[in-house]
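Comments concern the structure below.
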């Protein structure tokens with residue numbers, strides 16, 4: 001379980017200080033997905049950096065399975081917007097990188113890699129380099145690397161934003177299929193309302209800066225088969241847009 005209690009983050013410069021996040025409270029059950037939507041500058045990236053253990057100077061508490069965030073002790077996967085692949089390493093090497101950094105046995109991961117390659121449609125591409133892959137294929141490699149780590153928490157920072165609409169929907173489907181097999185607690189930052197409704201069992205709307213939790217929605221449509229073609233899906237997206245517009249115009 002992920003628990004965030006009264007989290008506030010303030011940035012200090014030479015001349016001024018400003019609050020990036022203010023009194024964030026959120027709980028995420030083990031194996032749950034949470035989509036976070038917020039305007040630019042509301043602290044979404046700051047929140048991910050706190051959860052990744054990059055920002056350690058904050059007020060409040062943040063815990064993974066009742067333990068404070070400690071990347072050296074926990075497995076925290078992170079997929080940035082640019083996928084974070086090393087251009088001089090091939091697909092197989094990039095996939096193994098996170099597990100290698102954590103000191104996990106490469107031998108024990110071979111079977112897992114084979115399964116992930118199959119699940120993510122990467123079989124036969126192991127010796128290619130990122131520059132030889134499409135954007136969708138690079139995203140699949142980033143997903144494989146994250147899931148191979150078997151993380152306690154997976155963080156995704158607008159991971160599908162660089163893809164065209166059709167490829168984005170395809171990779172969303174791929175992500176959900178693999179996530180169902182591995183049940184990783186996931187927090188996803190996105191600007192796309194449809195993506196939040198499709199991928200988030202829980203949807204969190206952040207306010208304008210400083211970021212506070214405006215609304216938390218338990219998504220009744222998460223996991224519904226062929227949900228993108230349901231009228232309920234469009235209605236929830238419309239309701240969410242209306243709520244967001246009201247909150248961000250305040």
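The values are calculated or read from the model by the stated rules, or taken from the named source; none is laboratory data. Remember, predicted model here, so these are calculated numbers, not experimental data. Reconstructed Cβ throughout: ideal geometry from the backbone, glycine too, with neighbour counts over all protein chains shown.
General observations
One line per residue, one yes/no per condition, for (1) in contact with a strand residue (DSSP E or B) (Cβ under 6 Å, 6 or more places away or on another chain); (2) closer than 30 Å to residue 11 by Cβ; (3) free of Cβ contacts under 8 Å to residues at least 60 places away in the same chain:
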residue: 72; (1), (2), (3): no, yes, yes
residue: 79; (1), (2), (3): yes, yes, no
residue: 110; (1), (2), (3): no, no, yes
residue: 114; (1), (2), (3): no, no, yes
residue: 123; (1), (2), (3): no, no, yes
residue: 130; (1), (2), (3): no, no, yes
residue: 140; (1), (2), (3): no, no, yes
residue: 167; (1), (2), (3): no, no, yes
residue: 173; (1), (2), (3): no, no, yes
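- The residue that is farthest from residue 48 (Cα to Cα), counting only those in the stretch 124-157 that are over 18 Å from the mean Cα position of the chain (by Cα) and not in a helix (DSSP H, G or I), is 124.
- Residue in the stretch 226-247 that is closer than 25 Å to residue 65 by Cα and either assigned to a loop (DSSP other than H, G, I, E, B) or in contact with a strand residue (DSSP E or B) (Cβ under 6 Å, 6 or more places away or on another chain) (or both) present: no
- Count of the stretch 15-40 residues which are outside any strand (DSSP E or B), within 22 Å of residue 247 (Cβ to Cβ) and free of Cβ contacts under 8 Å to residues at least 60 places away in the same chain: 1
- Taking the listed residues 49, 102, 3, 89, the one that is within 18 Å of residue 189 (Cα to Cα) and either loosely packed, with under 12 Cβ neighbours inside 10 Å or in contact (Cβ under 8 Å) with a residue 24 or more places away in the chain (or both) is 3, with no other qualifying.
- A single entry from 155, 149 fulfils the requirement of being under 24 Å from residue 117 (Cβ atoms), in contact with a helix residue (DSSP H, G or I) (Cβ under 8 Å, 6 or more places away or on another chain), at pLDDT below 90 and buried (at least 21 other Cβ atoms within 10 Å of the Cβ): 149.
- Look at (1) surrounded by fewer than 16 Cβ atoms within 10 Å (Cβ to Cβ); (2) assigned to a loop (DSSP other than H, G, I, E, B); (3) modelled with pLDDT under 90 and you find that residue 160 fails only one, number (1).
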